[in-house]
Amino acid sequence: MFADGRETSSISTEPGHRWAKKRYGGGRGQRERALAAVAARQHGVVTLDQLRSVGLTSSAVRDRVSCERLHRLHRTVYALGRPDLRVEGRWMAAVLACGPGAFLSYFSAGALHRILPTARAAVDVTIARRVGLARPGIAVHRSVRLDPADRAEASGIPCTSVPRTLLDLAAVVNRRVLERACDQAEVLRLVDWAGMEGLLVRARGRPGVQRLRAVLGAADTDQALTRSELEGRFLALCRDAALPSPAVNQWLTVAGEEMQVDFVWRRPRLIVETDGIRTHGTRRAFQEDRRRDRLLALDGWRVIRFTWEDLTGDPQHVTSVLRDLVDTPAALR
């Protein structure tokens, strides 16, 4: 049985000897292959229930431990054959030791998702129940209401999703560490922004929510940043700085191609694009933005891009840049 309650394809929950005889005719070789197959799927580890399900008695398990064919990792979890497991094996063993409904989480899930390396000796596991649980070498966290959207699987290991992992980390690390984790999640294209928004709404009031929102640049605490919000903030900034009003969402013909741009000042041939992460954060959008910028530059346009963080974090710099460019004719640049 896996930690999330699923049966393995080759292990039954029928009583040990009876099932082993029925499935394998009691053959030792077939039993060993069955255990090896389960261990291979679980990064080298098996549970006591899985050992019993192929016909091993408690005495047989003890004999295998004494002759080092099994190596006890936790009260009901063993390494098959050799004790020097890879880190994935240690993570899987910890999850299995905490029983059904357990998930790798916090620092360990961050390392599994490759968004935050960790040197912690203890393995972080979240259990979805109120009753406390103590396991040596395992940092057990409780979360009674772990939404299905917050659960995932990576490398066959039940774990918290990337958004939930970031939220958990936000409650226990400083802002700089959280920023590195969020940046890496974006680089690896692991963030489901719709899932992140749903999580922040569900988790309102939990530790770490405000810090995660701040790092993600979510100024509106209850909904996603939309294109109209970015454009509205930019136009308000232009008005406050007494800059000439740009044309909005204009179509230009460049190199025989029609393309729409966010803001245009035609006399200085200046274009400003306001980039939101959801519309400009994919690989396809990244490549397309730069292709368009090259074509516009060849046609004599100057393209400047601003993000939400630029507009909210350093508006004085934005207005200073705009004032210099808007007031300078294209021929003098």
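The values are calculated or read from the model by the stated rules, or taken from the named source; none is laboratory data. Every value quoted in this text rests on a predicted model; they were computed, and no experiment measured them. Positions of Cβ are backbone-derived with ideal geometry, glycine not excepted, and every protein chain shown enters the neighbour counts. Just so you know, the surface numbers come from the protein's heavy atoms only, side chains and all, with ligands and any DNA or RNA stripped out. Shrake-Rupley method; radii C 1.70, N 1.55, O 1.52, S 1.80 Å.
Numbers below:
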item: Two-site label geometry, CYS67 and ARG305: point separation in nm, points 7 Å out along Cα→Cβ; result: 6.4
item: Extended-chain gain in nm, criterion 0.36 nm per residue less alpha-carbon gap, ALA60 and ARG290; result: 76.3 nm
item: Full-extension gain in nm, VAL87 to THR118, via 0.36 nm per residue minus C-alpha separation; result: 10.0 nm
item: Accessible area of GLU258 in the full protein assembly, 1.4 Å probe (Å², nearest 10); result: 110
item: Amide H contacts of ARG142 (H built 1.01 Å from N, under 5 Å, at least 5 apart or other chain); result: ILE127
item: Length gained when the stretch ARG75-ARG129 is fully extended (0.36 nm per residue, less Cα-Cα span); result: 17.5 nm
item: ASP147-SER245 FRET efficiency (beta carbon distance; Förster radius 51 Å; 0.05 resolution); result: 0.70
item: Largest-first ordering by accessible area, 1.4 Å probe, given options TRP91, TRP193, TRP251; result: TRP251, TRP193, TRP91
item: Cα gyration tensor shape of region 29-119, rounded if a/c is under 1.5, else prolate or oblate by comparing a/b with b/c; result: prolate
